[in-house]
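What follows draws every value from the coordinates through simple rules; no lab data is involved. In this text, all values refer to a predicted model and were calculated from it rather than measured experimentally. As a convention, Cβ positions derive from the backbone with ideal geometry for all residues, glycine included, and neighbour counts pool all protein chains shown.
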C-alpha cells in the first residue's frame, strides 16, 4: 500500500512540474511608428499544461490571440489560455505585443516570460525571441499586426 501511495505522489509531483519546452521563438520586426507586433513559437509539455499569460518589458500590453478566417476576412480575437502543446504562428494562435516601447529591428532579441499552469501550479519560463524581418514566415500581410 505504501508503494502505491508513493507512486501516486510521484505522479502528482511530475504533473505539477511539467517539463515545458519552447522551440524557435521569434517576433516580427516593426516599422518606426508601429505599436504592435506578433510573437510566435512552438510550446510542448511533458504533462497536461496551459499557457495562461505572456509578459514582456518591451510592450505595455501582451495578449494571446487567435486569427480566424471568417467569410474571407482575417479576424483576431483575444483568448484567455491555450492548451499545450500549441504552435503559435502567423494566421493562427499567436502572442500580440501591444503598446510597444520602441521599434523592433531584425537581428535583436526580445525577452518574453511565458506563464504556464500545470497540475494547479504556475511556472514562469524566460524566453529570448529573435526579431525577424517583417516579411518572415507569412509576409506580414493580412495578419492584423499593423503591416
*Pair residue 132, residue 81: separation of 7 Å Cα→Cβ label points (nm)*: 2.9 nm
_Tell me the relative contact order for the stretch 2-132 as a rounded percent, counting alpha carbon contacts under 8 Å between residues six or more apart._
32 percent
*So how do 109, 67, 37 line up by other beta-carbon neighbours within 10 Å, fewest first?*
109, 67, 37
